[in-house]
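Bear in mind that the values in this text are calculations on the coordinates, not laboratory data. Model, not experiment: these values are computed from the prediction. Cβ: placed from backbone, ideal geometry, glycine included. Neighbour counts: every protein chain shown.
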Amino acid sequence: MLGRALLPLLADRVVVPIDQADGLPIADGAVLRAALAGCDAIVHLAALHPLVAHGGADYDAANVAPFRVLLAIAAATGARRVVLASSTSVWREAPRGSPARFIDEDTSADATEDPYAASKLACEALLRASPIAGVTLRLARFAAGESPEEQVRRLYRAVRPHDAARAVIRALDHGPDGSMYAIASRTPFRAEDAEILDRDPAAAIRLRAGFEPNWVPDRIGSVVLTDRAGRDLGWSASP
């Protein structure tokens, strides 16, 4: 989904798409070496999706091992920059009955018991240890359409794929080496709403978003803040 949104934004650049769905073994060193020859920058989006149940070994094999190979070959072939698509899944929600967490880049990643989140954190660590300049984007859940569910999720912890793709471009061109950004739609909620988000999210939506939701979760346990991406990258999600 993100790759489809990103490619049109790169139409004015020379792009070499690598997609396992096309039969390319992304952990195959020879395949990657040929594909990466002459590449200046790499955007890594591939991952085993968390909505599909898998064990930790599966996530390690699909997410971590290929990225380790990619970084090694990228360094050997002269790539100067990597943008890694990570996930806001590395942050847990507040426990039920507790005020919602307001999460930004200074919030410690604490979902280490989740196999998908652990694989994303492992990839982030590999990038930090690499000699290649890197930028990490912790992307919120994708909400592409305008269903009642997606409209509400974008109020606290979701993002349109097109907006995420624009964040990738800004990170590619302007992200400082070693930086990390939370990427989600802009929230109307404020820190003082933390308790009501846990108890009565519909009331919080009426108060801050100004509409009566046709769908609402039983609680909202976390809200992702994106101020740093706005300051550093000049990025913001579409209204």
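Tabulated results
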| quantity | calculated |
| --- | --- |
| Residues whose placed amide H lies under 5 Å from that of Val159, excluding near-sequence neighbours | Arg141, Phe142, Ala143, Ser185 |
| ³J(HN,Hα), Karplus 6.51/-1.76/1.60, whole Hz, each residue of region 28-39, x for Gly, Pro | 7, x, 5, 5, 5, 4, 5, 6, 8, 4, x, 6 |
| Cα-based shape type of region 148-195, given that a ≥ b ≥ c are square roots of the gyration tensor eigenvalues and the cut on a/c is 1.5 | oblate |
| Gain on full stretching of the segment that runs from Ser108 to Ala30 - 0.36 nm per residue minus C-alpha separation | 24.4 nm |
| Relative contact order of the chain, defined on C-alpha pairs under 8 angstrom at six or more residues apart (%) | 22 percent |
| Estimated [θ] at 222 nm from DSSP helical runs (n ≥ 4, -39500 (n - 2.57)) normalised by residues in the chain, nearest 500 | -10000 deg cm²/dmol |
| Tensor-based shape of region 2-233 (alpha-carbon gyration tensor, a/c under 1.5 rounded, otherwise prolate or oblate) | prolate |
| Amide H within-cut-off set for Ile220, under 5 Å, with H built and near neighbours excluded | Asp198 |
| Debye, to nearest 20: dipole size of the chain, +1 on Lys, Arg Cβ, -1 on Asp, Glu Cβ | 360 debye |
